Amino acid sequence: MQETTKGLLLLLLLGFLFAVGMYILISEIIDICIIEKDKKIKAAQAKALIEAIRSTLAFYYAKNGGKFPAKLAGSLFADGNIPTVETTRTCGSGIKSNNVIYGNGDGVVSDTEITDEGGWIYDVSPDLTKADIRINAKYMSAEEIPWYKY
């Protein structure tokens, strides 16, 4: 009888440990799904922001005789602020910034100009006829595309 009780206790203990292990595993899977969904949302938001900025610059260009603004300033935007972009690294950490750095002045942002500080990089030619805006991050988005390539 005592052996049967020990056996039942062992089975109960194993069942309990199995249940705890399953709970931990399911919790981790749910966390991973939430993190991945969050990364995808941030990628979609970043793409929308970069396109909104490009549209603002195109509108400015059309309205100002084929010239882009020399600087990316808050006054270009309806709320008076440069949009803030949030990028995430593969590990889940991220940078949220509306900081603007400026390129080398040829009107094209190249990957060598990206400093990975987050925010934006704006490059405009000296005659203001050519401009490019990119997210200032080389690491990969949730879509496995470097952020600056959006």
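The values are calculated or read from the model by the stated rules, or taken from the named source; none is laboratory data. On a predicted model such as this, the values are computed, not experimentally measured, just so you know. We place every Cβ from the backbone using ideal geometry, glycine too, and count neighbours over all the protein chains shown.
Within the bounds of the range 23-41, is there any residue that is in contact with a strand residue (DSSP E or B) (Cβ under 7 Å, 6 or more places away or on another chain) and either surrounded by fewer than 15 Cβ atoms within 10 Å (Cβ to Cβ) or modelled with pLDDT of 70 or more (or both)?
We begin by selecting, within the range 23-41, every residue in contact with a strand residue (DSSP E or B) (Cβ under 7 Å, 6 or more places away or on another chain); these are 39.
Filter once more, so that each one left must be either surrounded by fewer than 15 Cβ atoms within 10 Å (Cβ to Cβ) or modelled with pLDDT of 70 or more (or both): 39.
Yes, the range 23-41 contains a residue that is in contact with a strand residue (DSSP E or B) (Cβ under 7 Å, 6 or more places away or on another chain) and either surrounded by fewer than 15 Cβ atoms within 10 Å (Cβ to Cβ) or modelled with pLDDT of 70 or more (or both).
Out of the range 121-136, which residues are of a type in the set (Asp, Glu) and touching an Asp or Glu at 6+ places or on another chain (Cβ under 9 Å)? Full working, then the answer.
First pass over the range 121-136, keeping only residues of a type in the set (Asp, Glu): 123, 127, 132.
The answer is Asp123, Asp132.
Scan the range 129-150 residue by residue and report those that are of a type in the set (A, V, I, L, M, F, W, C) and within 15 Å of Lys42 (Cα to Cα). I'd like the intermediate steps shown before the answer.
So the first thing to find is which residues in the range 129-150 are of a type in the set (A, V, I, L, M, F, W, C), and the list is 131, 133, 135, 137, 140, 142, 145, 147.
Matches in the range 129-150: Ile135, Ala137, Met140, Ala142, Ile145, Trp147.
Name, by its number, the condition in (1) modelled with pLDDT under 95; (2) among the β-branched types (Val, Ile, Thr); (3) touching a Lys or Arg at 6+ places or on another chain (Cβ under 8 Å) that does not hold for Ile133.
Going through (1) modelled with pLDDT under 95; (2) among the β-branched types (Val, Ile, Thr); (3) touching a Lys or Arg at 6+ places or on another chain (Cβ under 8 Å) one by one, Ile133 breaks only (1).
Does Ile95 meet the test of being part of a strand (DSSP E or B) and surrounded by 14 or more Cβ atoms within 10 Å (Cβ to Cβ)? Working first, answer last.
Values: part of a strand (DSSP E or B): yes; surrounded by 14 or more Cβ atoms within 10 Å (Cβ to Cβ): yes.
Yes; evaluated as a whole, the condition is true for this residue.
Checking Gly103 against (1) of a type outside the set (Ser, Thr, Tyr); (2) surrounded by 15 or more Cβ atoms within 10 Å (Cβ to Cβ); (3) more than 17 Å from Ala131 (Cβ to Cβ): exactly one of these is not met. Which one?
In the conditions (1) of a type outside the set (Ser, Thr, Tyr); (2) surrounded by 15 or more Cβ atoms within 10 Å (Cβ to Cβ); (3) more than 17 Å from Ala131 (Cβ to Cβ), Gly103 misses (3) alone.
May I ask you to list pairs of residues, at least six apart or on different chains, whose Cβ atoms are under 8 Å apart, with the first in the range 104-131 being under 20 Å from Gly74 (Cα atoms) and the second being of a type outside the set (Asp, Glu) and part of a helix (DSSP H, G or I)?
Trp120/Ile53; Ile121/Tyr148; Ala131/Leu57; Ala131/Tyr61
Tally up the residues in the range 99-139 that are over 16 Å from Tyr150 (Cβ atoms), within 19 Å of the chain's Cα centre (by Cα) and part of a loop (DSSP other than H, G, I, E, B), please.
3
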